[in-house]
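Worksheet for the structure shown next.
Just so it is clear, none of the values below were taken in a lab; they were calculated from the coordinates. All values derive from a computational prediction rather than experimental measurement. Glycine also receives a Cβ, built like all others from the backbone with ideal geometry; neighbour counts cover every protein chain displayed.
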Amino acid sequence: MLTGKQKRFLRSKAHHLTPIFQVGKGGVNENMSKQIDEALEARELLKVSILQNCDEDKDTVVDRLVKDTKAELVQVIGNTIVLYKESKENKQLVLPS
C-alpha cells in the first residue's frame, strides 16, 4: 500500500509520461493485462488511456487492471490511469519512506 507521500512522488514522475496502452471497444482482456504487467516490470510506472468508445465503466477498467496486474493505483485523472508496480529485476524508482 502506497502512502500519500509516495503517491505524490509517483504522480510527479508520471506527469511527463505519455500513455502507452489504450483500452478501447473490447475493454480489458487477459492479453492486455499480461502486456501491461510485462511493461510494469520493465518500467515500474506507466499510464493507460481509456478511449471514448470503451464499453466498460472507467471504475471497472481500473479495478480489473489493478487486480490482474497486482499493481498499485497511483491516480485516475480524466480517462487516464497511472499504475505503479515495483520491479523485481529492473528497479528504477526509489520511493520516499
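Where both residues lie in the chain, what percent of DSSP beta bridges are antiparallel, nearest 5? So the antiparallel bridges in the chain amount to around 75 percent. Whole-Hz Karplus values for region 31-46 come out as 5, 5, 4, 5, 5, 5, 4, 5, 5, 5, 5, 7, 10, 6, 10, 8 Hz, taken residue by residue from phi with 6.51 cos²θ - 1.76 cosθ + 1.60 and θ = phi - 60°; glycine and proline positions read x.
Net charge of the neighbourhood of GLU72, taken over other residues with C-beta under 10 Å away and scored Lys/Arg +1, Asp/Glu -1, is +2. Modelled this way, with points 7 Å down the Cα-to-C-beta line, the labels at GLU38 and THR60 are 2.7 nm from one another.
A simple charge model with +1 on the Cβ of Lys and Arg, -1 on the Cβ of Asp and Glu and nothing else charged puts the dipole of region 38-97 at about 220 debye relative to its Cα centre.
Taking 0.36 nm per residue of sequence separation and removing the Cα-Cα distance, the ASN79/VAL94 pair yields an extension gain of 2.7 nm. Can you flag which of LYS34/LYS58; LYS58/LYS88; LYS47/LYS88; LYS13/LYS88 are past 21 Å Cα-Cα? From the list (LYS34/LYS58; LYS58/LYS88; LYS47/LYS88; LYS13/LYS88), the Cα-Cα distance tops 21 Å for LYS58/LYS88. By the rule of a C-alpha distance below 12 Å, with chain neighbours fewer than 8 residues away ignored, the aspartates and glutamates paired with LYS7 are GLU72.
Once the Cα-Cα distance is subtracted from the 0.36 nm per residue extended length, the ARG8 to LEU51 segment shows a gain of 12.9 nm.
With a cut-off of 11 Å between beta carbons, the residues surrounding PRO96 carry a summed charge of +3, where Lys and Arg count +1 and Asp and Glu -1. Each residue of region 85-97 is assigned a 3J(HN,Hα), and the resulting list reads 8, 5, 7, 7, 10, 10, 5, 10, 9, 10, 7, x, 8 Hz, derived from the Karplus form 6.51 cos²θ - 1.76 cosθ + 1.60 (θ = phi - 60°), x at Gly and Pro.
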